[in-house]
Amino acid sequence: MKRLCVICEGATEAEFINACLYPHLLPCGISIYPSILKTRPGQSGGGNVSLERLTRHIRNEYRHADFITTLVDYYGFKRRGAQSVDELEAAILESALCALSITDSRKLLPYVQQYEFEALLFSDIDAFHWVMEVWNQQVRGFLQAIVAAVTTPEDINDGRTTAPSKRLEAIFGKHYSKTEHGPLIAEAIGLARIRQSCPRFNQWLEKLEKMQLD
């Protein structure tokens with residue numbers, strides 16, 4: 001059994017890893033577990049993700065795991081500049097290799113979610129019905145309009161008011177809790193549907209499934 005550490009930025013992603021990815025990857029011989037980025041010694045929390053913080057965390061976790069990947073959002077990534085998602089992943093890998101003074105990258109697989117974890121929840125908008133108290137045809141119409149305007153949920157952009165989480169806040173208001181409802185909705189949708197709707201996420205998961213074989 002190989003130990004796969006996922007460095008993530010908050011409790012939402014950590015719960016998703018435990019509830020959805022852990023049981024999926026276990027038959028592949030991979031025991032996946034989350035490690036939340038620390039904001040300061042003795043504490044952890046989401047947000048404020050940067051290349052420097054990720055590099056430091058990867059270096060700290062490197063000796064404890066057989067493989068390391070990341071699950072952080074492109075939206076809100078500090079000082080990313082004009083880098084694309086792919087370029088940002090390459091920068092994370094380069095920085096980690098340099099910090100670890102190694103050249104073998106097989107143990108590391110940086111992944112940046114385009115544009116936010118919440119994009120995955122738009123894979124099946126009807127799943128919101130099972131966990132949200134506020135649900136009606138008008139709400140469904142709002143969600144459907146968002147999905148209809150993009151090719152895949154991963155294309156829902158990272159504007160200050162149009163990022164996936166911001167759209168959910170606008171629709172559900174205080175009734176939507178990122179940490180409470182996000183993982184529940186993802187679990188209700190199921191990985192199969194998410195993978196079908198989100199090709200970039202699917203490519204990452206395919207690589208994780210094959211890590212044991214490398």
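If you take the Cα Rg of the chain and divide it by 2.2 N^0.38 Å, with N the number of residues, what do you get? Write down the numbers at each step before the final one.
Numbers: Rg = 17.0 Å, N = 214, 2.2 N^0.38 = 16.9 Å.
Normalised by 2.2 N^0.38 Å, the Cα Rg of the chain equals 1.01.
Would you work out which of Gly173, Ser95, Ile156 lies farthest towards the positive end of the dipole of the chain? Charges go on Cβ: Lys and Arg +1, Asp and Glu -1. The one lying farthest along the dipole's positive direction is Ser95. Would you check the accessible area of His64, probe 1.4 Å, heavy atoms only, in square angstrom rounded to 10? Approximately 90 Å² of His64 is accessible to the 1.4 Å probe.
Given Cβ point charges of +1 (Lys, Arg) and -1 (Asp, Glu) and nothing else, what value in debye, to the nearest 20, does the dipole of region 108-159 about its Cα centre take? Walk me through the numbers on the way to the answer.
Values: 1 positive and 8 negative charges, 25 e Å.
That gives region 108-159 a dipole magnitude of about 120 debye.
R0 = 41 Å: FRET efficiency of Ser105 with Val147, Cβ-based, nearest 0.05?
Working: r = 36 Å, r/R0 = 0.87.
My answer for the efficiency is 0.70.
As a length-normalised measure over Cα pairs under 8 Å and 6 or more apart, the relative contact order of region 62-143 settles at 38 percent.
Using helices alone, I'd like the mean residue ellipticity at 222 nm for the chain: each DSSP H run of four-plus residues gives -39500 (n - 2.57), total over residue count, nearest 500. Working shown, then result.
Numbers: 10 runs with 92 residues, N = 214.
Calculated mean residue ellipticity at 222 nm is -12000 deg cm²/dmol.
The label-point distance for Gln196 and Lys2, in a model that sets each label 7 Å from Cα toward Cβ, rounds to 2.8 nm. Per-peptide packing, taken as the mean over residues of other Cβ atoms within 10 Å, places 133-141, 151-159 in the sequence 151-159, 133-141 from highest down.
Taking label points 7 Å from Cα along the Cα-to-Cβ direction, Asn48 and Asn18 give a separation of 2.3 nm. Averaged over its residues, region 50-115 has an accessible area of 49 Å² per residue, based on protein heavy atoms and a 1.4 Å probe.
Taking all protein chains as they are arranged and a probe of 1.4 Å, the heavy atoms of Tyr115 leave approximately 50 Å² accessible to solvent. To put it simply, the accessible area of the chain at a 1.4 Å probe is 48 percent carbon and sulfur.
Contact order normalised by length for the chain, with contacts defined as Cα pairs under 8 Å and 6 or more residues apart; what percent is it? Write down the numbers at each step before the final one.
Values: 326 pairs, mean separation 48.1, N = 214.
After rounding, I find 22 percent.
Residues in region 155-164 carry Karplus couplings, in order, of 8, 5, 6, 10, x, 4, 10, 10, 4, x Hz; the curve used is 6.51 cos²θ - 1.76 cosθ + 1.60 with θ = phi - 60°, and Gly or Pro positions show x. Computed with every protein chain present, the accessible area of Met1 is close to 140 Å² [probe 1.4 Å].
The values are calculated or read from the model by the stated rules, or taken from the named source; none is laboratory data. Everything quoted here is computed from the prediction, not taken from an experiment. Note that each Cβ is placed from the backbone with ideal geometry, even for glycine, and that neighbours are counted across all protein chains shown. Just so you know, the surface numbers come from the protein's heavy atoms only, side chains and all, with ligands and any DNA or RNA stripped out. Shrake-Rupley method; radii C 1.70, N 1.55, O 1.52, S 1.80 Å.
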